[in-house]
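All remarks here apply to the structure that follows.
The values are calculated or read from the model by the stated rules, or taken from the named source; none is laboratory data. These numbers were taken from a predicted model, which means no experiment stands behind them. FYI the Cβ positions are ideal-geometry reconstructions off the backbone, even for glycines, and counts take in every protein chain you see. What goes into the accessible areas is simple: the full protein's heavy atoms, side chains included, and nothing from ligands, DNA or RNA. Shrake-Rupley method; radii C 1.70, N 1.55, O 1.52, S 1.80 Å.
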Amino acid sequence: MYLKEIELKGFKSFPLKTSLVFDKNINAIVGPNGSGKSNIVDALRWVLGDQSSKNLRIDNSSSLVFAGNEKIKPSSCASVKLLFEDIEKKEGIEFNSLEVERSISLDGKSDYFINNQACRLKDVVEIFSSLKLGVKGFSIVNQGTIEDILRISSNERVVMFQEILGLRQLEIKKESSIKKLSLTVDNLNQVSVLENEIMPHFRSLKRQISRMQKSEEIKKELQDIELSYFSYLFNKLKKVDNSKEISDIENKINLLEKECSGFDLNFQNIEFEKDKQILEKEIRELNNQKSSLLYDLAKIESLIDVNKNKLNDNLKNKVCHIDLNIINPKIENILSCFKNIYVIKDFNQLNMALKNLENEFKLLIANFNISNVNSDSVKQEIVMLEGKLKEIQNKNKSIQDEINLKYSKLEEISVLEKKKISENQENFILFEKKQKEINELKYMIRSFEIDQEKFNLKFSNLEREIKESLVDIKEVGSCCVKLSENEFYELEKKMYRYRKMLSEIGFVDPEIEDEYSGVKERIDFLQTEKNDLEISIKDLNKIIKDLEKEINVSFDLALKQINSEFTKYLKIMFDGGKGSIEVVKDEEGVNIGVDIFVKLPKNKLEGIESLSGGEKSLVSLALLFAIVSISVPPLLVLDEVDAALDEENARKFGDILKNLSTKTQFVLITHNWLTMICADLIFGITIGDKNCSKALSLKLEESRDYVKN
Ligand code: ATP
Ligand code: MG
């Protein structure tokens with residue numbers, strides 16, 4: 001692999017697109033001070049992913065962009081493209097040529113492209129690292145920094161050597177494994193913290209679960225005991241069912257009650273009274289009629305008498321004169337007599353009253369002056385009156401008959417009433433008897449009911465007890481247990497003992513099971529997680545150890561080889577002397593430093609500090625070449641590393657370059673013509689008429705001319 005081309009645009013002193021196409025072997029970049037040679041090295045570093053402002057010689061990233069001058073305006077962005085070719089295929093590198101571009105705009109926006117594909121800085125660093133072109137190595141030596149290899153700290157040298165030896169990849173892998181390990185350990189700690197947080201709760205749940213299990217076992221046993229216990233009591237309790245008897249008695253009572261309701265005990269003689277009153281009223285009315293008839297009768301009889309007297313007086317020719325003043329009071333008397341008769345009920349009294357009345361009439365008549373009357377009309381009148389009298393008498397008789405009839409009816413009613421009353425009394429006695437019977441039957445029902453209630457009470461007590469127990473009443477009913485009194489007593493004792501045990505365990509919320517399985521799941525998960533993490537930690541530790549071993553073995557081997565090369569180059573440059581590099585390891589065998597020891601032939605003092613400037617450059621170059629000959633980088637960029645060399649040493653330097661150029665490509669910046677003549681291709685950098693860097697390449701022959709001039 002070699003760097004084919006570098007193209008700069010807007011980068012530092014190169015505003016215009018400038019391309020340098022390199023030779024596979026030795027390239028020299030020459031030109032006056034400040035023409036922009038080192039800027040090309042900066043450009044190369046920058047694309048390789050260097051972020052260090054010190055290495056890039058800038059204050060800030062905008063210093064990378066061409067700042068402008070009186071002839072050319074400032075660039076808005078800087079970009080540098082590198083093209084590598086003849087890349088050996090290996091793991092992760094499938095391409096033959098590689099084009100990497102980096103650009104930055106003034107606003108600080110930075111972009112990377114690998115083979116025209118946008119990518120990240122990390123990708124660029126990784127790819128160059130795998131191609132042994134890491135920026136931390138020694139493949140690019142800045143102007144005036146060759147002695148840094150001696151100056152830098154022992155620790156920094158480890159990284160540098162790793163880079164040079166191509167162990168950086170392994171080291172990066174190791175570092176990422178260490179990072180992963182630390183994350184994994186953190187995870188493990190977190191998981192452990194979580195586990196420790198949950199553990200006490202989990203243990204408490206576990207205890208409760210075991211209590212619950214114990215309680216379940218006891219319950220199971222208690223269930224068997226209770227089943228026998230209650231079955232015994234259940235079977236012992238004779239079932240009472242009087243419903244049939246009760247319903248028979250109820251039927252009897254119904255029958256009796258029906259019979260009782262047949263009795264008419266509500267007899268009242270009102271009906272008879274009513275009939276009697278009606279009859280009495282009718283009799284009274286008939287008597288009144290009769291009185292009136294008697295009045296008429298008396299009147300007619302008196303008229304008959306008057307007429308008869310008239311007739312007699314006629315016969316005697318006498319004329320009657322009537323004095324009204326006398327007669328009127330007499331008539332009044334008669335009328336009052338009639339009124340009296342009207343209210344008399346007794347027959348004898350009535351007779352007497354009628355006699356009185358007759359006398360009164362006679363007195364009245366005596367006062368009459370009977371005039372001369374036609375005797376024939378009187379006779380007729382008498383006949384008529386007598387006919388009427390007859391009629392009234394008949395009527396009176398029929399009324400009397402009717403009265404008699406009513407009286408006999410009254411008599412009948414009284415007889416009937418008496419009969420009825422006695423009948424009613426008999427019924428009442430019978431009714432009372434049946435009522436007594438009913439009450440006795442009801443009492444029987446009540447006593448049956450009491451028996452039933454007693455049984456029901458006992459039964460419901462047992463039922464309640466069973467309900468409160470662990471067994472089911474159906475089970476109890478279908479189970480038949482035969483126990484002796486003693487056995488039952490023992491069973492009862494056992495039952496109470498088990499119940500006590502249960503109550504001592506107390507109530508365990510069954511929901512705890514869900515909680516327990518949830519927490520257990522969590523604990524299991526955490527433990528699996530922990531196991532996995534522990535396995536990961538173990539694996540990572542092994543990976544780290546293996547990588548460390550691989551790095552150390554390679555490192556130690558390379559150092560051994562470098563050591564001998566170092567001495568070889570020192571011998572070339574100083575005609576003798578001895579150099580060695582030694583690895584410093586920590587207790588775990590990790591490389592933590594690289595120390596350099598040098599013994600030059602003429603020097604009395606050992607150690608680097610006492611060397612001259614040129615000697616330091618030579619020792620540094622000897623070490624650089626020793627490293628490069630062991631771990632050959634594809635490209636070595638050296639900016640004026642030959643500056644301090646005298647002519648003899650410059651010649652030696654050129655010889656070494658030529659030797660090494662068969663293995664590695666060189667880009668040399670130099671002012672030394674002895675170095676220039678080693679180059680296969682020379683680039684001249686000048687400040688052109690536009691006041692900016694300008695590159696021109698010189699063919700070998702041309703370059704020879706350039707060098708000579
Ligand atoms: P020497 O031989 O002395 O080492 P050189 O050729 O290596 O010189 P460089 O260091 O490459 O010179 O170039 C330095 C020049 O580049 C300086 O003149 C500096 O002003 C110029 N320069 C650096 N950065 C920029 C920039 N962003 N814009 C314009 N010019 C710049
Ligand atoms: Mg320079």
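Among residues of segment 577-603 that are within 26 Å of E550 (Cα to Cα), those with a beta-carbon under 8 Å from a residue that is among the β-branched types (V, I, T) and assigned to a loop (DSSP other than H, G, I, E, B) at least six positions away or on a different chain give the pairs I596/I608.
Among the residues of segment 27-45, the ones that are in contact with a strand residue (DSSP E or B) (Cβ under 8 Å, 6 or more places away or on another chain), under 20 Å from A67 (Cα atoms) and near ligand 1 (Cβ under 6 Å from one of its atoms) come to 6 in all. Under the condition of being at pLDDT below 90 and touching a strand residue (DSSP E or B) at 6+ places or on another chain (Cβ under 8 Å), the residues counted in segment 563-579 number 3.
With the condition being open to solvent by less than 60 Å² (accessible area, probe 1.4 Å), I'd like the strands (runs of 3 or more DSSP E) fully within segment 1-120 carrying at least 2 qualifying residues. Spell out how you get there, then give the answer.
Numbers: elements: 2-9, 18-21, 26-30, 77-85, 98-105, 110-114, 117-119.
Hits in segment 1-120: 2-9, 18-21, 26-30, 77-85, 98-105, 110-114.
Per the listing D639, D655, D595, the residue uniquely at pLDDT 90 or above, surrounded by fewer than 21 Cβ atoms within 10 Å (Cβ to Cβ) and closer than 30 Å to E5 by Cβ is D655.
When R157 is tested against (1) part of a helix (DSSP H, G or I); (2) among the charged types (D, E, K, R); (3) at positive phi, only condition (3) is not met.
The number of residues in segment 604-636 being modelled with pLDDT of 85 or more and basic (K, R) comes to 1. Is it the case that some residue within segment 668-687 is open to solvent by 10 Å² or more (accessible area, probe 1.4 Å), outside any loop (DSSP other than H, G, I, E, B) and among the aromatic types (F, W, Y)? Scanning segment 668-687 turns up at least one residue that is open to solvent by 10 Å² or more (accessible area, probe 1.4 Å), outside any loop (DSSP other than H, G, I, E, B) and among the aromatic types (F, W, Y). Across segment 155-166, a minimum of one residue is classified as open to solvent by 20 Å² or more (accessible area, probe 1.4 Å) and in contact with a strand residue (DSSP E or B) (Cβ under 6 Å, 6 or more places away or on another chain). I'm told I630 meets every condition in (1) within 16 Å of ligand 2 (Cβ to nearest atom); (2) under 18 Å from I140 (Cα atoms); (3) surrounded by fewer than 23 Cβ atoms within 10 Å (Cβ to Cβ); (4) of a type in the set (A, V, I, L, M) except one. Can you identify the failing condition by its number? I630 satisfies every listed condition except (1).
Residue count for segment 121-136 under the criterion of being surrounded by 18 or more Cβ atoms within 10 Å (Cβ to Cβ) and of a type in the set (S, T, Y): the result is 1. Exactly one residue out of E504, E521, E513 is in a helix (DSSP H, G or I) and surrounded by 11 or more Cβ atoms within 10 Å (Cβ to Cβ), and it is E513.
Checking each residue in segment 113-147 for being touching a residue at least 40 places away in the same chain (Cβ under 8 Å), away from ligand 1 (no atom under 16 Å from the Cβ) and over 25 Å from I630 (Cβ atoms) picks out L121, V124.
For the structure I just gave you, tell me whether I26 is within 16 Å of ligand 2 (Cβ to nearest atom) and either out of contact with any helix residue (DSSP H, G or I) (no Cβ under 9 Å at 6 or more places or on another chain) or among the aliphatic types (A, V, I, L, M) (or both).
Values: within 16 Å of ligand 2 (Cβ to nearest atom): no; either out of contact with any helix residue (DSSP H, G or I) (no Cβ under 9 Å at 6 or more places or on another chain) or among the aliphatic types (A, V, I, L, M) (or both): yes.
So I26 does not fit the description; no.
The residues of segment 578-596 that are of a type outside the set (D, E, K, R) and under 16 Å from F625 (Cα atoms), listed by number, are G579, S580, I581, I596. When segment 381-399 is filtered for residues that are modelled with pLDDT under 90 and either over 30 Å from L311 (Cα atoms) or among the β-branched types (V, I, T) (or both), the ones remaining, listed by number, are I382, V383, I392.
For I58, state whether it is away from ligand 1 (no atom under 15 Å from the Cβ) and either over 60 Å from the mean Cα position of the chain (by Cα) or in contact (Cβ under 8 Å) with a residue 24 or more places away in the chain (or both). I'd like the intermediate steps shown before the answer.
Details: away from ligand 1 (no atom under 15 Å from the Cβ): no; either over 60 Å from the mean Cα position of the chain (by Cα) or in contact (Cβ under 8 Å) with a residue 24 or more places away in the chain (or both): yes.
Taking the combined requirement at face value, the residue does not satisfy it.
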